[in-house]
Amino acid sequence: MNEHDMEKMACLLSSKGMDRTQDVNSADVVIVNTCCIREKAEQKFYSLMGRLKKIKRRKGLVLGVTGCIAQQEKDAIGEKLPFIDFSLGPSSIHRVAEAVDHASRKDRFFDFSDNGCTASLLVEPGNANKKFKTYVTIMKGCNNFCSYCIVPYVRGREVSRESSDIMREIENLSTLGIKEVTLLGQNVNSYNKGGDDISFPELLKGINAINGIERIRFVTSHPRDLSNELIECFGSLNKLCESIHLPFQSGSDRVLKLMNRGYTTEEYRKKVSLLRQRCADIAITADCIVGFPGESEDDFELTMGLVNDVRFDGLFSFAYSPRKFTAAANLPDEVSREMAFERLTRLQKYQKSITLECNKAMEGKVAEVLVEDRSKHSREEMTGRTRTNKIVNFQGSSDMIGSLVEVEIVKGYANSLKGEVRKPTGGRTC
Ligand code: 5AD
Ligand code: SF4
């Protein structure tokens, strides 16, 4: 989401004649787009701002802060960081060109407008990066209020985009050479929940019919909103890739209740089993938090048990981090940081062995790969992703970039696969 917000801002600024650079020393305008989901991201932000303050003093530049930390600190950010020139909350990024314009005239600019504002959703960056895959925002915000999570407070309530706008944007992207779209939303599968526009599965069906689009993905899904109709799509829509990110957060029902997640582990396991019945090769990844207040060793063992049983292709696991505004910040029985990190290390080590096992199971299989770029590791190798979202490196040439090729997997590693090209493909493999 944050990466895509940056693309939107870059697109808005390029229409005002500015070029994007990653090099702070050559930039006239620096925008720090922020995330406050965990404390670590916030700490990194403040140390980065310390460094940027010195650069600004040395060479002079327009410095702006956008995103979730800006929203969280909206009443204080101008005073806390007196050297910044503008700041925008996530719902105000469509005003970035205006903000830079004001700031260039030494007129500080701040906007943390109403979270229900849809203008930021409507910015369409097109195919500015001349790539073959891109993100499309279809909804924003979250109504779930998981007890640990700051997102509903900084990104606001759920707002879905009109399906006709989404379809038009994707049709346009296909004419610009995009082959793969990832539909984005904090709670993507509750798209238009309770609204009178089409449902999420109906939207997927519509996108599946767009010529030129070969692959569809979506993130992030809430297990409770994973309907049977949506599960069915994995069997019936040929462009919907066989991969889903389905955070479970904890393997203990007691902790899930404290987290206000709205499902039990039995319900979660049932959904995983339905997904695999409908689509045997589906790759499942998830998020999980350890060290939530009150998490006992037994609760943690239940998380390890779920990970053992489901055998996720990949897992993003985090130590619980108390967040401002959230209900969990006031819960008793804090787990010590040492204990949380010890559990996290155990979990990550175990998951690493499972991911390796999943990747090794691919050896000898043929997979469709969308070729993305040259590999960073070798001049002769190209890199791309399978429909199951696994990175594959293989011998090839740069004229393959943007095409779909059939690759035989010859080796599975912990973070990637090694393959050998068979032939170009148009059809569906695993
Ligand atoms: N502490 C730790 N992890 C968190 N996440 C969200 N809030 C917190 C928090 N307070 C994790 C969840 C979520 C992912 C994006 O970040 O696992 O799915
Ligand atoms: Fe946060 Fe996701 Fe829960 Fe929404 S569903 S509150 S974004 S963890």
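The values are calculated or read from the model by the stated rules, or taken from the named source; none is laboratory data. Keep in mind the model is a prediction, meaning the values are calculated, not measured. Note: ideal-geometry Cβ built from the backbone for every residue, glycine included; neighbour counts use all protein chains shown.
Numbers at a glance
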| quantity | calculated |
| --- | --- |
| Residue count for the stretch 1-30, restricted to those that are more than 30 Å from S221 (Cα to Cα) and either touching a His at 6+ places or on another chain (Cβ under 6 Å) or in a helix (DSSP H, G or I) (or both) | 5 |
| Condition met for I216 (modelled with pLDDT of 95 or more and either among the acidic types (D, E) or part of a loop (DSSP other than H, G, I, E, B) (or both)) | no |
| The stretch 154-164: number of residues that are assigned to a helix (DSSP H, G or I) and modelled with pLDDT under 95 | 2 |
| Residue ID - farthest from A286 (Cα to Cα), chosen from residues in the stretch 206-219 that are surrounded by 15 or more Cβ atoms within 10 Å (Cβ to Cβ) and either within 16 Å of ligand 1 (Cβ to nearest atom) or without any contact (Cβ under 8 Å) to a residue 40 or more places away in the chain (or both) | N208 |
| Set Q249, Q277: member being within 16 Å of ligand 2 (Cβ to nearest atom) and of a type in the set (S, T, N, Q) | Q249 |
| Single residue of R224, R254 found to be within 16 Å of ligand 2 (Cβ to nearest atom), surrounded by fewer than 17 Cβ atoms within 10 Å (Cβ to Cβ) and on the phi < 0 side of the Ramachandran plot | R224 |
| Criterion violated by F218 - all others in (1) of a type in the set (A, V, I, L, M, F, W, C); (2) in contact with a Phe, Trp or Tyr (Cβ under 9 Å, 6 or more places away or on another chain); (3) away from ligand 2 (no atom under 16 Å from the Cβ) satisfied | (3) |
| Restricting the stretch 145-180 to residues that are buried (at least 20 other Cβ atoms within 10 Å of the Cβ) and within 14 Å of ligand 1 (Cβ to nearest atom), the residue that is farthest from D225 (Cα to Cα) | V154 |
| S236 over 22 Å from the mean Cα position of the chain (by Cα), of a type outside the set (D, E, K, R) and either farther than 30 Å from E295 by Cα or surrounded by fewer than 19 Cβ atoms within 10 Å (Cβ to Cβ) (or both) | yes |
| Within the stretch 311-334, tally of residues that are touching a strand residue (DSSP E or B) at 6+ places or on another chain (Cβ under 7 Å) and either more than 15 Å from ligand 1 (Cβ to nearest atom) or in a helix (DSSP H, G or I) (or both) | 1 |
| Test for Q277: is it at pLDDT 95 or above, under 30 Å from C233 (Cα atoms) and either small (G, A, S) or over 24 Å from the mean Cα position of the chain (by Cα) (or both) | yes |
| Some residue of the stretch 65-79 being touching a residue at least 12 places away in the same chain (Cβ under 8 Å), within 16 Å of ligand 1 (Cβ to nearest atom) and at positive phi | yes |
| Filter result for S252 (without any contact (Cβ under 8 Å) to a residue 60 or more places away in the chain and either more than 16 Å from ligand 1 (Cβ to nearest atom) or over 30 Å from I170 (Cα atoms) (or both)) | yes |
| Selection count where residues are over 27 Å from V369 (Cβ atoms), more than 20 Å from the chain's Cα centre (by Cα) and in contact (Cβ under 8 Å) with a residue 24 or more places away in the chain, scope the stretch 168-200 | 5 |
| Some residue of the stretch 190-197 being in a loop (DSSP other than H, G, I, E, B), within 16 Å of ligand 1 (Cβ to nearest atom) and surrounded by fewer than 15 Cβ atoms within 10 Å (Cβ to Cβ) | no |
| Identity of the residue in the stretch 142-162, near ligand 2 (Cβ under 9 Å from one of its atoms) and hydrophobic (A, V, I, L, M, F, W, C), that ends up farthest from R95 (Cα to Cα) | C146 |
| Every residue from the stretch 254-267 that is closer than 20 Å to S321 by Cα and not hydrophobic (A, V, I, L, M, F, W, C) | R254, K257, N260, R261 |
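Condition check ((1) over 14 Å from R215 (Cβ atoms); (2) in contact (Cβ under 8 Å) with a residue 12 or more places away in the chain; (3) within 23 Å of the chain's Cα centre (by Cα); (4) not in a strand (DSSP E or B)) across all residues:
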position: E372; (1), (2), (3), (4): no, yes, yes, no
position: H377; (1), (2), (3), (4): yes, yes, no, yes
position: V392; (1), (2), (3), (4): yes, yes, yes, no
position: E406; (1), (2), (3), (4): yes, yes, no, no
position: A414; (1), (2), (3), (4): yes, yes, yes, yes
position: G419; (1), (2), (3), (4): yes, yes, no, no
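Condition check ((1) aromatic (F, W, Y); (2) at pLDDT below 95; (3) more than 16 Å from ligand 2 (Cβ to nearest atom); (4) farther than 22 Å from I282 by Cα) across all residues:
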residue: I170; (1), (2), (3), (4): no, no, yes, yes
residue: K179; (1), (2), (3), (4): no, no, yes, no
residue: F200; (1), (2), (3), (4): yes, no, no, no
residue: L204; (1), (2), (3), (4): no, no, yes, no
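Each row is one residue, and each column tells you yes or no for (1) over 25 Å from the mean Cα position of the chain (by Cα); (2) within 16 Å of ligand 2 (Cβ to nearest atom); (3) at pLDDT 95 or above.
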{"site": "Q72", "(1), (2), (3)": "no, yes, no"}
{"site": "P82", "(1), (2), (3)": "yes, no, yes"}
{"site": "D85", "(1), (2), (3)": "yes, no, yes"}
{"site": "S92", "(1), (2), (3)": "no, no, no"}
{"site": "S104", "(1), (2), (3)": "yes, no, no"}
{"site": "F109", "(1), (2), (3)": "yes, no, yes"}
{"site": "L122", "(1), (2), (3)": "no, no, no"}
{"site": "K130", "(1), (2), (3)": "no, no, no"}
{"site": "K140", "(1), (2), (3)": "no, yes, no"}
